[in-house]
1. Tally time: how many residues in the stretch 255-300 are free of Cβ contacts under 8 Å to residues at least 40 places away in the same chain and either open to solvent by less than 50 Å² (accessible area, probe 1.4 Å) or of a type in the set (S, T, N, Q) (or both)?
2. Going by the conditions given, is Arg62 closer than 19 Å to Arg438 by Cβ and either free of Cβ contacts under 8 Å to residues at least 60 places away in the same chain or of a type in the set (Asp, Glu) (or both)?
3. Return the residues of the stretch 140-172 that are touching a residue at least 60 places away in the same chain (Cβ under 8 Å), open to solvent by 10 Å² or more (accessible area, probe 1.4 Å) and closer than 30 Å to Gly112 by Cβ; say none if nothing qualifies.
4. Could you tell me which of the residues Pro270, Pro213, Pro288, Pro279 is more than 16 Å from the ligand (Cβ to nearest atom), assigned to a loop (DSSP other than H, G, I, E, B), within 23 Å of the chain's Cα centre (by Cα) and farther than 16 Å from Pro167 by Cβ?
5. Give me a count of the residues in the stretch 173-210 that are buried (at least 24 other Cβ atoms within 10 Å of the Cβ), within 13 Å of the ligand (Cβ to nearest atom) and aliphatic (A, V, I, L, M).
6. Evaluate the stretch 314-328: report whether one residue or more is more than 30 Å from Gly178 (Cα to Cα), touching a residue at least 24 places away in the same chain (Cβ under 8 Å) and open to solvent by 50 Å² or more (accessible area, probe 1.4 Å).
7. Would you call Leu164 in contact with a strand residue (DSSP E or B) (Cβ under 6 Å, 6 or more places away or on another chain), within 23 Å of Thr268 (Cβ to Cβ), in a strand (DSSP E or B) and at pLDDT 95 or above?
8. Against the definition (more than 16 Å from the ligand (Cβ to nearest atom), of a type outside the set (Ser, Thr, Tyr), closer than 27 Å to Val302 by Cβ and not in a strand (DSSP E or B)), how does Asp342 come out, yes or no?
Amino acid sequence: MTRLVFPEGFVWGAGTAAYQIEGAARADGRGLSIWDTFAHTPGKVLHGDTGDVATDHYHRFREDVALMADLGLAAYRFSVSWPRIQPDGDGVVNERGLDHYDRLVDELAAHGITPVLTLYHWDLPQRLEDAGGWGARETAERFAGYAAVVAGRLGDRVPLWTTLNEPWCSAFLGYAAGTHAPGRADGALALRAAHHLLLAHGLGAGALRSALPSGAEIALALNLSPVRPADATDGAADAARRVDGLAHRLFLDPVLHGSYPADVLRDTAPVTDWSFVRPGDERIIPAPIDLLGINYYAPLVVDGGGEGAPPGHPSAWPGSEHVRLRERPGPVTAMGWNIEPDGLRTLLSRLHKEYPDMPLVITENGAAFDDVPGPDGGVADTDRIGYLRDHLAVAHEAIESGVDLRGYFVWSLLDNFEWAFGYSKRFGIVHVDYPTQRRSWKHSAHWYREVIRTNGIDPDPVRDAPGRA
Ligand code: GBH
């Protein structure tokens, strides 16, 4: 069988996020974020895990960059911890926080790895939450100030900037379902938060554009999936429209088309009158971006059969509390998420059709699986190799059919703090032994190195990648 070869210049990368890997929670003047508070609140994170130490990447970044170089990564996607830069989220800048990312960016450059920087991967300074968090318009203005500070220091060396990672999660898991920081359960507040996150994106993209050298690119990374009705009923079809509206179109439409989707405004009318949207906001939000980042894991399959959110489990879907996510039969990851590379095909062709001029990059794709010890003592994660290979085959096919897909970032470089699941879920292609912080390559890391080296994948069924002594 012929290998599937990617276009020359296709960017091979891996991703992480600050709170998930850095640790060093009080080092060098770092302030607290909402995730410090949340993780230290009993009952919020499985086993009481916190990001206090995480993978200690803050202290081990040189070792980790060397590992990335061994893998052959062309690019590394990381996020900056806002409270390291502005401990209270205000105008007071902590230079020692900036120094860390300065060193990281230089270390990457020394190894020929392109830094891809995300400004906000969910760690809002706690002081800003105390002042209203994403429910407050002011937070969006603060974000633009923070963006300008980071761009001022690193703009000369970072060619690709992402404003926000998955604002849907920040708004709806953080303020409606309450399963993420800050753990609020208020649907109206979540919708306000969504608007202010979008405003932060627009203001932040504007601030970046003025601070960055010309040629630097700006992106937004969204969690995107196809949404499918679980059955043929009208209720399921309506639920699919509602979920797609709240999770995806609420973000895509204002950013790429400059207006909120009318059906979502209607669906949410029982919860809010949207009076927090000011005249002019819908001209700020569509600030031009150069790339759309896609984080894809699994399709969403829904029906409308719920009675509303069960007690103690507030809904992530304000105004549509009856919708339910359904797990489908078939293979799942350790998260219980269905494995469906086909979903990526549907998603890419939809984006290509609806936003034909917007270049795309897969900023996250990957899977958690429980470790399977291999004969060589390493982690024989054939399941992860299969997941990555099958999704890359779809990405390749999309490119062949004309989709402007520029790169792929596996989630994640390292096992890390998986938010509400703590350290119990492992997404890394590199294993982390938390007691010793020892990093070791899983079979998928060996496999990915070959993918990068040959710029392509083998279409044959997955064979076990060789272990490394
Ligand atoms: C990403 O979030 C994050 O960017 C990353 O930090 C994280 O480690 C990684 O994925 C793995 O989780 O069940 O209602 O939440 C992915 C978030 C999770 C959003 C699944 C959509 C399904 C709907 N996605 N979720 S719900």
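The values are calculated or read from the model by the stated rules, or taken from the named source; none is laboratory data. As the structure is a computational prediction, the values presented were derived from the model and not from experiment. A quick note on method: Cβ atoms are made from the backbone with ideal geometry, for glycine too, and the neighbour counts reach across all protein chains shown. Ligands, DNA and RNA are excluded from the accessible area calculation, which covers all protein heavy atoms including side chains. Shrake-Rupley method; radii C 1.70, N 1.55, O 1.52, S 1.80 Å.
1. So the answer is 8.
2. Details: closer than 19 Å to Arg438 by Cβ: yes; either free of Cβ contacts under 8 Å to residues at least 60 places away in the same chain or of a type in the set (Asp, Glu) (or both): yes.
Yes.
3. Correct list: Ala148, Val149, Leu160, Glu166.
4. Details: Pro270 fails: within 23 Å of the chain's Cα centre (by Cα); Pro213 fails: within 23 Å of the chain's Cα centre (by Cα); Pro279 fails: within 23 Å of the chain's Cα centre (by Cα).
Being more than 16 Å from the ligand (Cβ to nearest atom), assigned to a loop (DSSP other than H, G, I, E, B), within 23 Å of the chain's Cα centre (by Cα) and farther than 16 Å from Pro167 by Cβ holds for just one of Pro270, Pro213, Pro288, Pro279, which is Pro288.
5. Counting residues in the stretch 173-210 that are buried (at least 24 other Cβ atoms within 10 Å of the Cβ), within 13 Å of the ligand (Cβ to nearest atom) and aliphatic (A, V, I, L, M) gives 3.
6. No: zero hits.
7. On the way: in contact with a strand residue (DSSP E or B) (Cβ under 6 Å, 6 or more places away or on another chain): yes; within 23 Å of Thr268 (Cβ to Cβ): yes; in a strand (DSSP E or B): yes; at pLDDT 95 or above: yes.
The answer is yes for Leu164.
8. In short, yes.
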